[in-house]
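For reference, the structure is listed below as structure tokens.
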Amino acid sequence: MAAMYEHDGDSASTGSLPHDAPFLLEPDDAPGSPAPADDAHDVLSFEGPEKTLEVCFMPGAGDTRGCRALTRPQLDGILAEARCSILSQTSNQHLDAYVLSESSLFVYAHKVVVKTCGRTTLLRCMRKLLSVATRPARAGGLGLVLEWVGYSRKNYNFPADQPAPHGSFDEELAYLKAHRDDVNHEAFDGSGYVLGPLTGDHWFVYVADQCERPAASATERTLNVMMFDLPEDVTAHFHLQEGEADLKEAGKAMTARAGLRALVPAGASNLDAHGFAPCGYSMNALCFESYTTVHVTPERECSYASFETNTALKSYASLVKNVLAVFKPRRVVLTLFADEAGLRELPRSALFDGLPRLDINGLGSYVRNDLSSMQVKSDCVCMMANYGLRSAAE
């Protein structure tokens, strides 16, 4: 089992910022400023793996619509802080899903999940989100009560390209802690953790949990499959082809030729796909209270795809195998974020510690190189595993 650490100062990060030091904004990194223009260097070093921020509010407090009462101008302003924008939207009775210029946004009544990639400044959007969500209704807010904050990301492939406050995990923790006086002190007295080998792929996790509801009432779990070094026959699906000028239609075509519809729950009726020029792909799909999201960076120098879902399954083995069969990566990082009660619903064979080897017909076997597992706070469990492909010919 790989090393696991509770984070009290990040030896794995580059640079260090004391947790009680004031956080200063550099002029070029002011909130809402545009992302740096793309150039040849960007193409060779695009940071595909996403940063993920999840913010939860107490049910029964504030606006009855909860976070879904946020207006489009408010959402646009929040996302501008992260240097991304909304491209399209799909909704059902449980949540709203947005494809972003860099990944995805999911808005439930009492939960907001934001995923961004590249050189976005995800954590900068938190102050504006909390201001609007927790401000009293008489002051133009939603009157919600903050309950839980989570932030996670894989270690960067190109850490030197990241703008503040994302230069290191220490810097990110200091930025999160700086919000203590914005809403309430306790909500940002969270802890940081590192799962996985510091000499290889590892996963940074931050959790601040002020939930006072019974732990048994929470059974959520989120699976993320991060895939690297995709073969050219797969990445070719996500390049615009002749005549694909409409990027929404291009997204539909990419979905079809890559066979991605098979990875979405059968009951999903809201599938929103978007292509990018000259290449790239994002997709959100909704099925009742769950989402599935796929993002692809097909450039040869930094090829990457991610598949994430919070669909509650009894086993994830078949789903993971199906995802790997579609994308055929050389290297895989699996993560699972789950409430303890949700984890108890799964048999051991459904978890990473029961999956040391994943055999894919016609491709080979994904062999687990290491495994990390940790309980954070009182009822949240994080798991991470790294796999490498051994082809059938080896």
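Side notes on the structure shown:
- Taking the inverse of the mean reciprocal distance over all distinct Cα pairs, the Kirkwood hydrodynamic radius of the range 57-168 comes to 14.7 Å.
- Cα gyration tensor shape of the range 306-391, rounded if a/c is under 1.5, else prolate or oblate by comparing a/b with b/c: prolate
- The range 82-122 shape via C-alpha gyration tensor axes, a/c threshold 1.5: oblate
- Subset of LYS177/LYS328; LYS115/LYS377; LYS177/LYS321; LYS177/LYS314; LYS115/LYS252 violating a 31 Å alpha-carbon distance limit: LYS177/LYS328; LYS177/LYS321; LYS177/LYS314
- Once you reduce the range 219-278 and the range 125-164 to the center of their Cα atoms, the two points are 28 Å from each other.
- The range 232-305 - Rg and Dmax from Cα coordinates, angstrom: 12.2, 37
- Whole-Hz Karplus values for the range 377-388 come out as 6, 8, 8, 10, 10, 10, 10, 8, 9, 10, 10, x Hz, taken residue by residue from phi with 6.51 cos²θ - 1.76 cosθ + 1.60 and θ = phi - 60°; glycine and proline positions read x.
- Taking the Cα atoms of the range 243-394, the ratio Rg/Rh between the radius of gyration and the Kirkwood radius comes to 0.99.
- Backbone N within the range 285-300 under 18 Å of label point (7 Å from SER88 Cα along the Cβ vector): 285-287, 291-298
- Modelled spin-label separation between GLN375 and GLU244, with each label point placed 7 Å from Cα along the Cα-to-Cβ direction: 4.7 nm.
- Computed from label points 7 Å out along Cα-Cβ, the spacing between ASN270 and THR64 is 2.0 nm.
- A 1.4 Å probe over all protein chains sorts LEU144, LEU313, LEU198 by accessible area into LEU198, LEU313, LEU144, starting with the largest.
- Candidate residues PHE46, PHE327: accessible-area rank, largest first, probe 1.4 Å: PHE46, PHE327
- Cα→Cβ-extended label distance, 7 Å offset, between ARG390 and SER131, nm: 5.5
- Value of relative contact order over the range 71-118, rounded to a whole percent, pairs C-alpha under 8 Å and six or more apart: 23
The values are calculated or read from the model by the stated rules, or taken from the named source; none is laboratory data. Everything numeric in this text was worked out from a predicted model, so none of it was measured. Cβ coordinates were reconstructed from backbone atoms using ideal geometry, including for glycine residues, and neighbour counts include every protein chain displayed. Heads up: the accessible areas ignore ligands, DNA and RNA and are worked out on the full protein's heavy atoms, side chains in. Shrake-Rupley method; radii C 1.70, N 1.55, O 1.52, S 1.80 Å.
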